[in-house]
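Encoded as structure tokens, the structure appears first; notes follow it.
The values are calculated or read from the model by the stated rules, or taken from the named source; none is laboratory data. It should be emphasised that the depicted structure is a prediction, and the values quoted were computed from it without experimental measurement. Reconstructed Cβ throughout: ideal geometry from the backbone, glycine too, with neighbour counts over all protein chains shown. Heavy atoms of the whole protein, side chains included, go into the accessibility calculation; ligands, DNA and RNA do not. Shrake-Rupley method; radii C 1.70, N 1.55, O 1.52, S 1.80 Å.
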Amino acid sequence: MTTFARAPSLRRTISTRTLGRASLGWALAYVPIHVYWGLGGTSTPIGITGTRANFAVANWGACAVITGAGLVCLSLTTRRGQLLPGALRRGTAWVGGVLALAHWVLYTVASALRLTGALGYPADGEVTAEQLRGFDWANLAYFELWFGVMGVLLIACARRSEALDMLRGRPLPLTRTARWGTGLCLTGVAVVIGGVFTFDAWLFVAGGPAVLAVGLGVLALGRGDGTSR
């Protein structure tokens, strides 16, 4: 039986088990700062004062999404992950990975443009230009760096899972029920992530989870038809 860690075509790269554990570790490294903010902590020098609407709730939502990203990577690189449909796990990784990379590019470019003077800082508002400048440096050095690396890790784990499935034999095609269920689940995941990014509590607390629950229900109805591979 072919194992995850010893797949023949993957011997020259990082082991699958190490990739999964490293991805989980990278994900969880971003949790403490959100716990701090969720508990009411502030980072005034970079303009994070905690006064924004839904600030605390959004940070707890971020903790859930971040932990989920790490667990998705782990599910793609361990045997136990095969208890969930492969298409759902890989699809979630691709959705999260693409959104994380888009977040990294968008905010990194915006921060760089402001720091170089190509874009100006707003003169009004609760946050000063000096605080925004500090936030931009924090983005380049830490916040957006996390998003960029996490996006790469999510996609790397998805691709590794695809390669391993090919070694075990080409996966069976999804039934119509499985496609609908997977599509709804991925839509729910995207809505949750979008809600956290935009501080929209309704989206990541109710809307996204509701769509995800419907998708899981559809997948449960189609269970046993060979779609869990």
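The distance separating the Cα centre of segment 147-224 from that of segment 25-84 comes to 18 Å. The mean accessible area for residues of the chain, using a 1.4 Å probe and ignoring ligands and nucleic acids, is 54 Å² per residue.
Using Cβ point charges alone (K and R +1, D and E -1), the dipole size of the chain about the Cα centre works out to roughly 1500 debye. For the residues A64, A102, A118, a GNM of the chain with alpha-carbon springs under 10 Å puts the largest fluctuation on A118. Farthest towards the positive end of the charge dipole of the chain, among the residues G20, S75, A163, is the Cα of A163, using unit charges on the Cβ of Lys, Arg, Asp and Glu.
Within the listed set T13, T92, T77, the Gaussian network model of the chain (springs between alpha-carbon atoms below 10 Å) gives the highest mean-square fluctuation for T13.
For segment 208-222, 3J(HN,Hα) computed residue by residue from phi via the Karplus equation (6.51, -1.76, 1.60; θ = phi - 60°) reads x, x, 5, 5, 4, 5, 4, x, 5, x, 5, 4, 5, 5, x Hz, glycine and proline entered as x. Taking GluC sites (Glu not before Pro) across segment 62-161, the ones in a DSSP loop with at most 16 further Cβ atoms lying within 10 angstrom of their Cβ are E126.
Computed from Cα atoms alone, the Kirkwood hydrodynamic radius reported for the chain is 19.1 Å. The phi-based Karplus calculation (6.51 cos²θ - 1.76 cosθ + 1.60; θ = phi - 60°) puts the 3J(HN,Hα) values of segment 15-32 at 5, 4, 4, 5, 4, x, 5, 5, 5, 5, x, 5, 4, 5, 5, 9, 6, x Hz, whole numbers, x for Gly and Pro. For I48, the amide hydrogen comes within under 5 Å of the amide hydrogens of S43, counting only partners 5 or more places away or on other chains and with H modelled in the peptide plane.
Residue-wise HN-Hα couplings along segment 107-115, as the Karplus relation 6.51 cos²θ - 1.76 cosθ + 1.60 with θ = phi - 60° gives them from phi, are 7, 5, 5, 4, 5, 5, 5, 6, 5 Hz; Gly and Pro carry x.
Calculated FRET efficiency, Y142 to R21, Cβ-Cβ distance, R0 = 22 Å: about 0.50 to the nearest 0.05.
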